[in-house]
1. Would you kindly derive the ³J(HN,Hα) couplings of the stretch 282-293 from the backbone phi angles with the Karplus curve 6.51 cos²θ - 1.76 cosθ + 1.60 (θ = phi - 60°), listing them in order in whole Hz, with x for Gly and Pro?
2. Describe numerically, in nm with one decimal, the distance between label points set 7 Å from Cα along Cα→Cβ at R210 and at W262.
3. Hey, what do the phi angles of the stretch 250-260 turn into as Karplus ³J(HN,Hα) couplings, whole Hz, using 6.51/-1.76/1.60 and θ = phi - 60°, x for Gly and Pro?
4. In the stretch 331-373, whose amide N lies under 16 Å from the spot 7 Å out along Cα-to-Cβ of A304? List them in ranges.
5. With each label point set 7 Å from Cα along the Cα-Cβ vector, what nm distance links L269 and V412?
6. Which order do S273, S143 fall in if you start with the one that has the fewest other Cβ atoms within 10 Å?
7. With θ set to phi - 60° and the Karplus curve 6.51 cos²θ - 1.76 cosθ + 1.60, what are the ³J(HN,Hα) couplings of the stretch 167-175 in order, to the nearest whole Hz, using x for Gly and Pro?
8. Taking a ≥ b ≥ c as the square roots of the eigenvalues of the Cα gyration tensor of the stretch 277-426, is the shape rounded (a/c under 1.5), prolate (a/b larger than b/c) or oblate?
Amino acid sequence: METTLLFLAVLFASMAIGIPIAVALLISGVALMWQLDFFNTQLLAQNLQAGFDNFPLLAVPFFVLAGELMNVGGLSQRIIDMARVFVGHIPGGLGYVTVFAAILLASMSGSAIADTAALATILLPMMRQQNYPMGYSTGLLASGGIIGPIIPPSLPFIIYGVTTNTSISKLFISGIVPGILMGGALLLAWRMVARRENLPASTRATAAERRKAVAASAWAILMPVIILGGIRFGIFTPTEAAVVAAVYAFLVSRFIYRTLSWKTTYEVLVTSSITTAIVMFLCGAATVAAYMITLADLPNQLAALFQPILEHPRLFMVCMVIFLLLVGTSMDLTPIILIFAPVCLPLALKAHIDPIYFGFMFVFTGCLGLITPPVGTVLNVAAGVGSVRMETVIRGITPFLLAYVLLLALLVAFPQIVIAPVRWLG
C-alpha cells in the first residue's frame with residue numbers, strides 16, 4: 001500500500017505545483033523505480049519510446065488532421081447549414097441544430113475540442129443575434145461537443161484501446177447507441193429550456209433551400225459513411241480509417257469545395273503536428289508509469305483493497321463512476337485514461353464486468369469531466385470562442401449536465417444498452 005500512496009502522492013504533488021502531466025507521470029515512474037531499488041535510465045528510455053511506437057496510435061495524428069481539415073475546409077459549416085434548414089424553424093431551433101450537427105460531426109472527427117470549436121464559432125454568433133441566453137447556448141454547445149469522443153471514430157477510444165489492449169473496433173461500436181442517446185437527452189433538456197425562455201424561431205426553409213443544403217453537404221455526409229462502413233465490413237482497420245478520413249477531408253476541401261489554400265494546408269499541418277506531439281509524449285510518459293505500476297503490483301494491491309465490493313459488479317461500477325467523476329473535475333480525459341485505465345481494468349475483470357462495457361463507461365464518465373468545472377477543457381473552449389464569462393456558462397450547462405448524469409445512471413443500471421449492440425454488430 002505504501003507503493004500506491006507514493007505513486008499518487010508524487011503524481012498529484014507534481015501536478016499541484018504546475019508541472020505538466022506528462023512530466024509528472026515520468027517523475028512518478030522514476031519515484032517508483034527508486035522505491036523498488038530498480039532505477040535504470042536505459043529501461044526508462046525504452047519504455048518512453050515504446051509508448052508512442054505503436055501502430056494503432058498512428059490513428060491519432062490522422063484523426064486530428066482530419067478534424068482540423070473539416071473545420072478549415074468547410075465540411076463542418078455545410079453539416080451545420082444542412083441541420084439548420086431542417087430544424088431551424090422550430091422555437092429555439094438553433095439549439096436543435098446544435099445537437100443534430102454535433103452528432104453528425106462526432107461521426108467524422110472524434111475530438112470533443114475540435115467539434116466544440118466548430119460549433120461555437122459558427123452557431124454562437126447566430127444565437128447571440130437572435131437573443132438566445134448565452135449561458136444556456138454555450139452550455140449546450142459544450143455538451144454537444146463531448147458527443148465527439150463517444151460516437152465513432154473516437155480518439156479517446158483509440159487511446160484507451162492501445163493503453164489496455166482492448167479491441168478498438170468493439171469500443172467504436174459500443175459508442176453508437178449511447179451517443180445517439182446523448183443527443184436525445186440534450187434535445188429533451190433543450191426543449192425544456194426553450195419553452196421556459198420562450199425562444200424565437202427562424203424562418204422555415206423552402207423545399208428548394210433544403211435540397212440545395214443537402215446537395216452542398218453530400219460530400220461531407222459521405223465521410224462518416226466511408227469511415228464507419230469501412231471499419232464495420234473489414235475493409236480497413238481503425239488506424240487505416242484515420243488515414244482515409246484525413247485524405248478524404250483534404251481532397252474534398254481542396255478540390256471539390258475549393259475552400260482550402262496551400263498556405264492554410266501548411267498551417268493545419270503545423271497545428272495538427274503540435275497537438276499530436278502533446279498526445280504522443282503523454283502516451284510515452286504513461287507507458288513508463290504503467291510499466292512501473294505493473295512491476296510494483298499496484299493492481300493486486302488495489303484489488304485487495306476493493307475485495308469487499310468486487311463480488312457486486314454493479315456496486316463496483318457505481319464506485320468507479322463516482323471516482324472518475326471526481327477525478328474528472330481536476331484532470332483532462334487523456335491523462336485519466338493513461339493513468340487510471342491500466343489500473344482499473346484488472347479490477348473490473350476481477351468483478352466479472354465486460355471489458356468493452358467497462359471501457360465505454362470509463363471514457364463516457366471521463367467525458368463528463370470535460371464539461372465540469374474547475375478544469376472543464378471543453379467548457380473553457382466554448383466560453384473562450386464565444387467570449388462568455390465562465391460563471392455564466394457554468395450556470396447554463398447545469399440542465400444538460402444533469403441530463404447526462406441521468407443517462408449515466410441508466411447505463412449503469414442497464415449494461416445491455418452498451419453490450420447488446422457490440423455483440424450484434426461486432
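Each value in this text was obtained by applying a stated rule to the coordinates, not by laboratory testing. Fair warning: this is a prediction, and the values are worked out from it, not measured in the lab. All Cβ positions, even for glycine, are placed from backbone atoms using ideal geometry, and neighbour counts span all protein chains on display.
1. Along the stretch 282-293, the couplings run 4, 5, x, 5, 5, 5, 4, 5, 5, 4, 6, 4 Hz.
2. 4.3
3. Per residue, the Karplus-derived 3J(HN,Hα) values read 5, 4, 5, 5, 7, 10, 9, 7, 6, 10, 10 Hz.
4. Under 16 Å, as judged by backbone N against the label point of A304, lie 347 of the stretch 331-373.
5. Going from the L269 label point to the V412 one covers 4.8 nm.
6. Placing the least packed residue first, the sequence is S273, S143.
7. Karplus values, whole Hz, x for Gly and Pro: 4, 5, 4, 5, 4, 4, 4, 4, x.
8. Because a/c hits 1.5 or more and a/b fails to exceed b/c, the stretch 277-426 counts as oblate.
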